[in-house]
Amino acid sequence: MKTILSYIRPKVPIMSVQLFIKFLGTVLELLLPWMLSTILDDFVPAGETSKIYLWGIMMIVCAALALASNVIANKMATSISKDITLRLRQDLFTKVTQLSASQEDFFTTPSLISRLTTDTYNVHQMIDRMQRLGIRAPILLLGGITITMFLEPVLTMVLVATLPLLACVVWFVSHYGIQLYTQAQAALDQLIRKAQESMTGIRVIQALSKVDYERNQFDTANRQVVVRERRASLLMNITNPVMNLLLNTGLTFVVIVGAFRVNQGITEPGTIIAFLSYFTIILNALMMVSRLFVMYSKGAASGRRIAQVLTAPAEMLQEKQLACDLTANPHIEFDHVSFSYTKVQETVSDIHFSLNQGETLGIIGPTGSGKSTILSLLLRFYDPDQGTIKINGQNLKAYSPDQLHQKFGVVFQNDFLYNDSIGENIRFGRPISQEEIEFASRIAQAGFIWEREDGFASEVASRGSNLSGGQKQRVLLARAMAGHPEILLLDDSSSALDYKTDADLRRALGTHFAHTTKIIISQRVSSIQNADKILVLENGSMVGYGTHDQLMDSCKSYQEIAQIQMGAVE
Ligand code: ADP
């Protein structure tokens with residue numbers, strides 16, 4: 001809650017004004033039954049018409065003022081909680097983008113999404129409700145009891161006698177309400193996870209005719225949410241009738257005891273009427289308090305989930321830079337690097353290679369052998385468990401994230417395109433001129449863009465669904481090259497290109513990006529055979545390292561891959 005409080009703190013002055021207005025409105029509202037009882041008991045029997053009119057007008061004015069202050073205070077509450085949530089959500093989003101890859105693995109994407117959406121909404125609701133009811137409910141409750149004490153101490157005892165029962169109901173509702181709402185929230189997390197997975201894999205699901213299977217899975221998650229929500233709201237719905245039963249029983253006793261007292265001339269009928277109004281006000285206040293408890297618990301649980309992310313420590317800390325020549329070779333150096341995602345079994349072991357500026361490294365090996373992991377380590381998404389990675393002789397850890405990431409142009413395996421124009425997808429928010437975009441697109445063999453009616457202005461659908469696999473890869477390649485990076489990392493990014501286009505791409509890269517150091521992961525020997533060095537990976541270990549010819553002589557795994565593929569080409 002400390003983290004959430006730090007967002008509320010700057011709003012305390014304006015919140016105080018809002019609470020004061022709410023306080024005034026509530027006090028005015030509390031005065032109404034008392035004024036009515038005074039008119040009925042004092043002025044009506046005495047026939048003081050002018051006083052009846054005056055107090056009647058005062059009652060109208062008080063009611064109008066109470067209404068106005070309630071409306072103003074509620075509007076202020078909405079705007080305050082909106083502002084707080086806006087900042088909270090923005091900071092949370094920024095933090096999510098700064099999480100280290102292992103922290104992202106830890107929180108999981110669906111959970112981060114639900115923290116950004118439903119959890120911030122719950123916190124918003126909590127802050128909003130707290131401002132609306134937080135001061136109103138206690139004032140109505142305590143003020144109501146105090147006024148009734150003065151009005152009719154004996155009847156107040158009837159009221160006080162029902163309070164423990166009402167308190168039990170409030171406790172029961174808030175206690176079980178929290179549990180049930182927490183369970184409902186967990187079910188919602190699962191629903192988001194399922195929806196996200198299905199959306200991401202929708203093409204595969206359709207292709208493999210797994211729509212029914214997915215629908216059933218979604219149905220299960222959906223039903224779970226409904227069942228848990230229903231359970232929680234059932235509890236809330238039972239509350240009202242139970243509270244009403246208690247209220248009406250209490251009221252019956254008040255009327256019976258009150259009737260005796262009026263009969264005996266101890267009390268006035270107006271007092272009883274006022275008392276009944278206060279009784280209803282007090283009961284409503286109790287209901288508000290119970291709702292507040294549930295709202296608070298829901299908001300506090302969500303606040304904790306948000307704070308977990310916001311307070312996650314910065315993991316990829318920058319170390320001190322060594323004084324060294326930042327243009328020195330080797331450009332990239334892996335010095336006996338080992339790494340494990342789970343810290344149980346090593347994903348990559350003892351990786352060592354070095355590349356001079358402008359050289360190309362090809363990485364080949366079966367799926368899951370750790371090829372992409374090497375790129376993740378070079379981008380410092382994860383730190384190695386053993387060994388060091390250097391760029392220009394400087395440990396990767398000594399670069400700031402910006403310094404480091406500016407060096408790279410990257411195409412990942414499952415890279416994404418935005419719903420925007422092709423040009424903007426390539427520019428990617430960087431200050432890159434149209435000429436550079438067109439140049440990069442030519443190198444990326446993306447001639448199809450010029451053939452489109454709107455050229456670079458033509459729209460790309462979300463996730464590039466209106467482009468073919470090969471076209472998508474070319475736009476992504478153009479994006480990676482448009483920034484003229486120092487290092488180009490291509491993870492299986494020409495797999496959807498035909499052999500001729502792939503060869504044209506490599507030739508253009510060699511000519512126009514001669515000074516760029518390139519690491520190319522590919523399943524095709526033809527894509528990497530001209531690389532200066534080739535690294536063959538198997539189960540995370542280097543089983544071969546050298547040029548194509550050297551590996552054809554010495555590396556059995558490479559020979560096998562090459563023979564199968566060359567055979568296929570022939
Ligand atoms: P490749 O690129 O050769 O197909 P990867 O480097 O993507 O292989 O993956 C190597 C191994 O690491 C695989 O067994 C994969 O399941 C595992 N792996 C990849 N990413 C993660 C991750 N974020 N958390 C845990 N394991 C992972």
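The values are calculated or read from the model by the stated rules, or taken from the named source; none is laboratory data. Being a predicted model, the structure only gives us computed values, none of them experimental. When we count neighbours, we look across all protein chains shown, and the Cβ atoms used for this are built from the backbone with ideal geometry, even at glycine. We work out accessible area using only protein heavy atoms, side chains counted, and drop any ligands, DNA or RNA first. Shrake-Rupley method; radii C 1.70, N 1.55, O 1.52, S 1.80 Å.
One residue is enough: does the stretch 385-404 have a residue meeting the conditions more than 16 Å from the ligand (Cβ to nearest atom) and without any contact (Cβ under 8 Å) to a residue 12 or more places away in the chain?
Yes, some residue in the stretch 385-404 is more than 16 Å from the ligand (Cβ to nearest atom) and without any contact (Cβ under 8 Å) to a residue 12 or more places away in the chain.
Checking Ala73 against (1) of a type outside the set (Val, Ile, Thr); (2) at positive phi; (3) crowded, with 18+ Cβ neighbours inside 10 Å, which test does it fail?
Checking Ala73 against (1) of a type outside the set (Val, Ile, Thr); (2) at positive phi; (3) crowded, with 18+ Cβ neighbours inside 10 Å, the one that fails is (2).
So which residues in the stretch 509-533 are among the small types (Gly, Ala, Ser), more than 18 Å from Asn356 (Cα to Cα) and at pLDDT 85 or above, if there are any at all?
The answer is Ser522, and nothing else.
Quick test for you: out of Leu235, Leu180, pick the one residue that is closer than 30 Å to Thr148 by Cβ and either open to solvent by less than 30 Å² (accessible area, probe 1.4 Å) or in contact with a Lys or Arg (Cβ under 7 Å, 6 or more places away or on another chain) (or both).
It is Leu235.
Select from the stretch 84-111 the residues that are under 10 Å from the mean Cα position of the chain (by Cα) and closer than 15 Å to Arg193 by Cβ and list them in ascending order.
Thr109, Pro110, Ser111
Please list, ordered by first then second residue, the pairs with beta carbon atoms under 6 Å, 6 or more apart or interchain, first in the stretch 343-356 and touching a residue at least 24 places away in the same chain (Cβ under 8 Å), second exposed (fewer than 14 other Cβ atoms within 10 Å of the Cβ) and not in a loop (DSSP other than H, G, I, E, B).
Pairs that qualify, where the first residue is touching a residue at least 24 places away in the same chain (Cβ under 8 Å) and the partner is exposed (fewer than 14 other Cβ atoms within 10 Å of the Cβ) and not in a loop (DSSP other than H, G, I, E, B), are Asp350/His336; His352/His336.
Scan (1) away from the ligand (no atom under 16 Å from the Cβ); (2) modelled with pLDDT of 85 or more; (3) among the hydrophobic types (A, V, I, L, M, F, W, C) for the single condition Phe412 breaks and write down its number.
(1)
Please go through (1) under 26 Å from Gln318 (Cα atoms); (2) modelled with pLDDT under 85; (3) in a loop (DSSP other than H, G, I, E, B) for Asp402 and return the number of the only condition it doesn't satisfy.
Among (1) under 26 Å from Gln318 (Cα atoms); (2) modelled with pLDDT under 85; (3) in a loop (DSSP other than H, G, I, E, B), the lone unmet condition for Asp402 is (3).
Contact list please: Cβ distance under 8 Å, first residue in the stretch 362-384 and at positive phi, second residue in a helix (DSSP H, G or I) and near the ligand (Cβ under 8 Å from one of its atoms), pairs at least six apart or on different chains.
These pairs meet every condition: Gly365/Lys371.
Looking at the structure I just gave you, is Ile8 open to solvent by 50 Å² or more (accessible area, probe 1.4 Å) and of a type in the set (A, V, I, L, M)?
Here the answer is no, as Ile8 does not meet what is asked.
Return yes or no: is Leu208 among the hydrophobic types (A, V, I, L, M, F, W, C) and surrounded by 15 or more Cβ atoms within 10 Å (Cβ to Cβ)?
It is false that Leu208 is among the hydrophobic types (A, V, I, L, M, F, W, C) and surrounded by 15 or more Cβ atoms within 10 Å (Cβ to Cβ).
For the stretch 277-289, give me each residue that is β-branched (Val, Ile, Thr) and open to solvent by 10 Å² or more (accessible area, probe 1.4 Å).
Answer for the stretch 277-289, where residues must be β-branched (Val, Ile, Thr) and open to solvent by 10 Å² or more (accessible area, probe 1.4 Å): Thr280, Ile281, Val289.
Return the residue satisfying two criteria in turn: it lies in the stretch 360-378 and is out of contact with any helix residue (DSSP H, G or I) (no Cβ under 7 Å at 6 or more places or on another chain) and more than 10 Å from the ligand (Cβ to nearest atom), and of such residues it is nearest to Asn414 (Cα to Cα).
Step by step, filter the stretch 360-378, then rank; the result is Leu378.
Against the condition within 16 Å of the ligand (Cβ to nearest atom), part of a helix (DSSP H, G or I), touching a helix residue (DSSP H, G or I) at 6+ places or on another chain (Cβ under 9 Å) and open to solvent by less than 20 Å² (accessible area, probe 1.4 Å), how does Leu112 come out, does it pass?
In short, yes.
Determine whether the stretch 98-106 contains at least one residue that is open to solvent by less than 60 Å² (accessible area, probe 1.4 Å) and not in a helix (DSSP H, G or I).
Checking the stretch 98-106: at least one residue is open to solvent by less than 60 Å² (accessible area, probe 1.4 Å) and not in a helix (DSSP H, G or I).
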